[in-house]
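Coordinate-derived values only; no laboratory data. This structure is a prediction, so every number in the text was calculated from the model and none was measured. Quick reminder, even Gly has a Cβ in these numbers, built from the backbone with ideal geometry, and neighbours come from all protein chains shown.
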Amino acid sequence: MKNMERELVCPVCKEMYKQPLALPCMHNVCHVCASEVLLQHGYLCCDPTSEPSSPAATPATRSPRLGRRGVPKPDRLDRLLKSGGGDGDGAAGGRRGSAGPEEPRGAGLCVTPPRPPAGFGTYPGRKRGTVHPQTISFPCPACQRDIDLGERGLGSLFRNLTLERVVERYRQTINISAAIMCQFCKPPQLEATKGCTECKSSFCNECFKLYHPWGTQKAQHEPTPPTLTFRPKGLMCPEHKEEVTHYCKTCQRLVCQLCRVRRTHTSHKITPVLSAYQALREKLTKSLAYILSSQDTVQTQIAELEETVKHTEVNGSQAKEEVSQLIQGLCSMLEEKRASLLQAIEECQQERLASLHYQIQEHQAMLENSGMVGYAQEVLKETDHPCFVQAAKQLHNRILRATDSLQSFRPAATASFSHFQLDVSRELKLLTDLAFIKGCGRC
């Protein structure tokens, strides 16, 4: 029974379901949680903390241990139960004894907003600021899908009474439900022993007899276990408030007689709810029997999965280590290649700089030899031919070298390093295409 608790927890509030609604995606959510989710997504709903269709507080009588009043007339009882009247202390005691029974009608979950202009719907979940009817989309917290709720929004959902009963039984089994007190006793109240769906109240034995006297219509009310949440005896159509009698296989939805004849279900496969019950119960019973009879197989599969988990952890670590080493090897090779290429550029750069610096020194020497020009001018003044030839021959060779250097000036080295560019497109493509060997396994 303890293992079942996770099936009874709302995916939104992470607590046990309270007034669960059945979504079209086969998941469930609390009424309050559904309203809050729609509010967060901008849809207009009632106060999510309010209780839907809660009846007024019921009257209380004196404690059985302090004596009883005279049995009131049936019409007086009707007025008391309908109006919640009675003496002031009794009403207060009734409120203290119960948090207020609830009577959701299908999915009557939100306060109806003010009536819009004729022709427009007023369903719970209307988007703020919209005028025309629109489709309400509910984000299911369980399957993470947007569920189409139609124009009626939460008003189109059924209350999951079966799940609600299971939650209540589970609470009673693990003793986490608080004692339910009689709603009609004056303090100190007695613990309730019976409930009445028609009266929507819980009674002790004495109060139940008092408010269900023989010879009245209330005597026909069937007692139920005491509860704070009174559910309808059966599912009612959220749209027509009629008892559901058929099941639409096409829509996978319970329908009433009025839904059955509507154009929406024309040509749909519709079967009586009893037939759907019998068929689904048989399928569920067979599936459950198969699971129960396969416990040994399940244990074997669990052991196999646990072993697979261990191998997955070990093999995954090994694979990561291998890939890390391979990539590290590539990085080391790239680092070596980078150092080699940079060294080649450095050597070329130093060689060019040396040539250029030498050329600069030569030109600076030409500037420093400007006295040679003055000396040549003085030599030209020499009139002794032999002496002139002797001095001018050496001087002329120096001047020719300087003239050739000026006329054919060209830097000893180029400043461009364009021929050192790398084309790594092929290597980049190889790295981009680097992947695991295909066919070695699946993730």
Next item on the list: Show me 378-385, 240-247 ranked by packing, highest mean number of other Cβ atoms within 10 Å first.
Entry: 240-247, 378-385
Notebook entry, point to check: Relative contact order for segment 238-364: what is it in percent, counting Cα pairs under 8 Å that are at least 6 residues apart?
Noted result: 13 percent
Margin query: Considering only C-alpha atoms, what is the centroid distance from segment 141-220 to segment 262-289, in Å?
Written below: 28 Å
Next item on the list: Place the peptides 256-269, 336-349 in order of packing, highest mean first, counting for every residue the other Cβ atoms within 10 Å and averaging per peptide.
Entry: 256-269, 336-349
Notebook entry, point to check: At q = 0.16 Å⁻¹, what base-10 log of I(q)/I(0) does the Debye formula yield for segment 263-306 when every alpha carbon is treated as an equal point scatterer in vacuo?
Noted result: -0.62
Item checked: Candidates per chymotrypsin sites (Phe, Trp or Tyr not before Pro) in segment 305-411, loop by DSSP, up to 15 other Cβ within 10 Å -> PHE409
Next item on the list: Name the shape class, rounded, prolate or oblate, that the alpha-carbon gyration tensor gives for segment 268-368, where a ≥ b ≥ c are the square roots of its eigenvalues, rounded holds for a/c under 1.5, and otherwise prolate holds if a/b is larger than b/c and oblate otherwise.
Entry: oblate
Next item on the list: Indicate the gyration tensor shape class of segment 350-415 (rounded, prolate or oblate), computed on the Cα atoms with a ≥ b ≥ c the square roots of the eigenvalues: a/c under 1.5 is rounded; otherwise a/b larger than b/c is prolate and the rest oblate.
Entry: prolate
